[in-house]
Every structure is written in C-alpha cells, then in structure tokens.
Amino acid sequence: MAQNTSPVNTLERKINMSVVAADVEKNVAVRLARMARTVKMPGFRPGKVPMKIVEQQYSAQARSEAFTEAVQQAFGAAVREQNLRVAGFPKIEPAESTEPGKVFFSATFEVYPEIVAADLSGKTLERSVLAVGDAEVEKTLEVLRKQRVSYVAADKAAAKDDRIVMDFRGTREGEAFDGGTAEDFPVVLGAGALLPEFETNVEGLKAGDSKTFSLTFPEDYQAKDLAGTTVQFEVKIKSVEAPVLPDLSADFAKSLGVPSGDVEQLKADVKSNLEREVKKRLQARVKNEVMNLLLETHEFDVPSALVEQESQRMAEEARANLASRGMNVKDIPVEPAWFADQAVRRVRLGLVVAEIVKKNELYAKPEQIRAVVEEQAQSYEDPADVVRWYYSDTQRLAQVEALVVEDNVVDWVLGVAQVSDKAVEFDDLMATN
C-alpha cells in the first residue's frame, strides 16, 4: 500500500509503502510447499523430505523471494495508481514500522520528464545539396587512379608526390634521440608523414645528395620530451621515384570489377555508387542539423539513471572497439564517466525524438524498412543475399527500423521548419566522415 509520494528533485520521487506481514508469510508457506514437492536431499526420495527440514533449509530464501514479490507488487500498484513513468530501477529501503502487522519501506526513483514539443514553424534550417555530374565522376576516378599508383626511378629533384628513400640521423645537443634515426626509410612527399619543416628541407634534393639542417618540433608534438625543442638532422637521399598513374583503360576498368573492361560502364558504375554515397552524406548532414535544432529547442532535465545506462553502454562499445583492434582492454581503463556529456545529449535527443514520433505517428512502415534494406544491399555483389541476411535477424532489422524512424522525424521537421537549400562543394562533402 502506498502512503504518499514526495518529490525529491525535478525528476526524483519517493514513495512510502507497506505490505501486510501476514500476506508475506502466506506466500512463504506457498513457496515452501512448492519446494517440498521437488527438493532433493540425501536419504529421502524426491518430494518426501519432511517439511521441517525444508523450512530449515529454504525458509530464508522463500521469505526473501516472497518479500521481494510483495514489494514489487506494491510498487507497481503505486506507480500505476499515480500514473508515473519510472525511469531506471527504484532504490528500496526499509522504513520504521508505525502499524503492527505491516512492514514499511520506501522506494526512491526517477520519472521520465514531461516533454512539450516545441513550435518549429518559425525555425530555419539549411539543407546541403549537391548534384553528381561529370566533374564529380572525374574527380573520383582520379582518386581511384591515385590509389593504384606505382613509382619509377627518376633522375630529378624530389618534389611533392614523389617517393623517396633516405637515411637520416637526428641529434639534440650532439646526442642521438629515440626515433630520430632510420635507414632506407621510404616516404611519399606531401602525404603528411613528415613534419612540414622536415619535408621542406628534403624537397629539391636528388639521389645521392646529403643535407644537414636544424628543425624545431611543434609545441604539441606527440613525443613530449621533443616538443618545442630544436634538433639537427643529417639526411642522405638514396633514391627518388616519380608517381605513375594507371591509364583510364580497359585493364583499369577490369581491375575495378567491370569484366568487359568498358570504360564508359566503369564511369556509369562510379556515378551510381557516388550518387548513393553523396545521398548518404547529405542525409547525414541534414539529420545532424535537425537533431541540433531539436536539442536547442527542447530544454528539460534528463533522468540520471538513463544517463548512467547510456554512459555504461558507450563505455562497453569503446572497449569492444579497442578489442577489435587487437588491444588488451584489461590494461586500458575505460570509464563510463568519460562519456557523460555525450550520454546526456543522446538521452535528451532520444526522449525528444520518441515524443515527436508518438505525437505525430512517425513509426516505421514495413515498406520503408524494405526500401532501406534494398538500397543498402545495392552496393554489394549479390543484393538478394544481403536482403535475406537482414531479414534473418530481428536485431539487424530493428537497427534499420530505428534509422527509418529517425528519417521520418527529419522529414517531418523539414516539412515544418523554414528550409533553405545551400550548395555544398564536392570535396568538402567527401572530406567529412
């Protein structure tokens, strides 16, 4: 029986309750009788163990289970009676008994916040747009050619995009330092592997050339003992190789999965794949804009229990990610508290999205889920197999369903807010992760 409900803070509630001790004892007796029918003990046939022995052995367990059930029932009835939406699990504590024959206790818990959907009709959003044309296809083909670059020896001064092989030795105040010496070290100039100051000094050198120069490491250099210090390097260039890109030919097309070697077919395939990728990136951008708008326009406290659960889940994801990279996660502390701010954002956004979905009935339809699955399957060699793979696992389908719901919310917001299209540069769009 619930006695009262008192607010502790904006979301925390405390209910004082009681259960009738006699009812608990009846439940204990029922549980012991049920156990007696199946319990096994040396010297007795199953179901023939004397009740006194059963009570001695299992009464504590039965009483704990009976009391837990009574508390759960009382708590459930109380929150239903007061129409409370509980977030997380209640903290149950004993309370002083003020009435004979009853056991009193309190339950402290959090409730979900009341969310009032904001009026977005006066809000503005920018939607990035980009049409894939010949220029974008040519740029992509150039990237594919660079990914298959080869190098040939060249009697020339080293320049950007050339591959050089060199020996170098770094000293600080005349003493060599860790990581400052290497032999037959290959590197492509302009690829970002060298410090800009180092690269500037080796550009223009030819095979057989040597050079000594000073270099100051950046203040934020990863090796803290070298950060901000000035050192000397001795460099000898062993070879200079110029890049050679493959021709846009039948062989090149075949290497990219076009059996016929038809270059025009390759371009068509690249354009089709590029359109899917551009669409995905544009959708991600506008989704981010929409979600930021929803966060900006909805302010409310979030249940700490949900934030803790999300922080824990994010920490577990981080551990799994590290483990997938071959790292020993036992030696790497990953604390849920590190993800607290992100968790608050995710929880708040999740509650807002859920409210919008419920209010506007933006639930995912089967045909929408099917369309997304089939679209994602198009980038694989056998789309039908991928579709079957998705539909063979309810969890995978649930993930697609969640994406569809988010897309429905995005479309709904775009239909309500003031939206202006903004052209985006191809290079900028493809540079984002």
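The values are calculated or read from the model by the stated rules, or taken from the named source; none is laboratory data. Quick caveat, the model's predicted, so the values are computed rather than measured. All Cβ positions, even for glycine, are placed from backbone atoms using ideal geometry, and neighbour counts span all protein chains on display. These area figures cover heavy atoms from the full protein model, side chains too; ligands, DNA and RNA do not enter into them. Shrake-Rupley method; radii C 1.70, N 1.55, O 1.52, S 1.80 Å.
So, in region 32-61, how many residues would count as being outside any loop (DSSP other than H, G, I, E, B) and open to solvent by 70 Å² or more (accessible area, probe 1.4 Å)? Don't jump to the end; show me each part of the working.
Filtering region 32-61 for residues outside any loop (DSSP other than H, G, I, E, B) gives 32-36, 51-61.
Then keep just the ones that are open to solvent by 70 Å² or more (accessible area, probe 1.4 Å); that gives 34, 51-52, 55-57, 60-61.
Selection size over region 32-61: 8.
The single residue among Ala158, Ala182 that is touching a strand residue (DSSP E or B) at 6+ places or on another chain (Cβ under 8 Å), touching a residue at least 60 places away in the same chain (Cβ under 8 Å) and either over 14 Å from Leu245 (Cβ atoms) or β-branched (Val, Ile, Thr) (or both) turns out to be Ala158.
Among the residues of region 286-302, are any touching a strand residue (DSSP E or B) at 6+ places or on another chain (Cβ under 9 Å) and closer than 25 Å to Gln378 by Cα? Within region 286-302, one or more residues are touching a strand residue (DSSP E or B) at 6+ places or on another chain (Cβ under 9 Å) and closer than 25 Å to Gln378 by Cα. Just to check your reading of the model, which residue among Arg345, Arg370, Arg388 is of a type outside the set (A, V, I, L, M), within 30 Å of Glu308 (Cβ to Cβ) and not in a strand (DSSP E or B)? That would be Arg345, the only listed residue that is of a type outside the set (A, V, I, L, M), within 30 Å of Glu308 (Cβ to Cβ) and not in a strand (DSSP E or B).
Within region 210-252, track down each residue that is more than 36 Å from the chain's Cα centre (by Cα), among the small types (Gly, Ala, Ser) and either surrounded by 15 or more Cβ atoms within 10 Å (Cβ to Cβ) or outside any strand (DSSP E or B) (or both). Quick ask: steps written out before the conclusion?
Our first condition is that a residue be more than 36 Å from the chain's Cα centre (by Cα); within region 210-252, this holds for 210-216, 229-252.
Narrowing the set further to residues that are among the small types (Gly, Ala, Ser) leaves 210, 214, 239, 242, 249-250.
Passing the criteria: Ser239, Ala242, Ser249, Ala250.
Scanning region 121-168 for residues being small (Gly, Ala, Ser) and more than 18 Å from Lys238 (Cβ to Cβ) gives a total of 7.
Taking region 62-152 and the strands (runs of 3 or more DSSP E) fully enclosed by it, the elements with 3 or more residues that are crowded, with 16+ Cβ neighbours inside 10 Å and more than 33 Å from the chain's Cα centre (by Cα) are at 102-111.
Let me confirm something: among Val307, Val302, Val334, which residue is outside any helix (DSSP H, G or I), under 23 Å from Glu12 (Cβ atoms) and touching a helix residue (DSSP H, G or I) at 6+ places or on another chain (Cβ under 6 Å)? Step through it out loud before you land on a result.
Working: Val307 fails: outside any helix (DSSP H, G or I); Val334 fails: under 23 Å from Glu12 (Cβ atoms).
Going through Val307, Val302, Val334 in turn, the sole match is Val302.
Checking every residue in region 2-12 against the condition of being out of contact with any Gly (no Cβ under 6 Å at 6 or more places or on another chain), without any contact (Cβ under 8 Å) to a residue 12 or more places away in the chain, assigned to a strand (DSSP E or B) and open to solvent by 30 Å² or more (accessible area, probe 1.4 Å) gives at least one match. No other residue among Phe105, Phe89, Phe44 is in contact with a strand residue (DSSP E or B) (Cβ under 6 Å, 6 or more places away or on another chain) and either touching a residue at least 60 places away in the same chain (Cβ under 8 Å) or aromatic (Phe, Trp, Tyr) (or both) apart from Phe105.
So that you can scan it fast, the table gives a plain yes or no per residue for (1) in contact with an Asp or Glu (Cβ under 8 Å, 6 or more places away or on another chain); (2) outside any strand (DSSP E or B); (3) not basic (Lys, Arg):
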| position | (1), (2), (3) |
| --- | --- |
| Ala158 | yes, yes, yes |
| Ile164 | yes, no, yes |
| Asp167 | yes, no, yes |
| Pro186 | no, no, yes |
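Among the numbered criteria (1) farther than 30 Å from Ala118 by Cβ; (2) in contact (Cβ under 8 Å) with a residue 12 or more places away in the chain; (3) not aliphatic (A, V, I, L, M); (4) not in a helix (DSSP H, G or I), which one does Tyr363 miss? Condition not satisfied by Tyr363: (1). Only a single item in (1) open to solvent by less than 50 Å² (accessible area, probe 1.4 Å); (2) assigned to a helix (DSSP H, G or I) is not met by Ala320, and it is number (1).
Just to be sure, is Tyr380 open to solvent by 30 Å² or more (accessible area, probe 1.4 Å), in a helix (DSSP H, G or I) and hydroxyl-bearing (Ser, Thr, Tyr)?
On the way: open to solvent by 30 Å² or more (accessible area, probe 1.4 Å): yes; in a helix (DSSP H, G or I): no; hydroxyl-bearing (Ser, Thr, Tyr): yes.
So Tyr380 fails the test.
For Val329, are the conditions met, namely being touching a residue at least 24 places away in the same chain (Cβ under 8 Å) and over 30 Å from Ala423 (Cβ atoms)? Judged against the criteria, Val329 is not a match.
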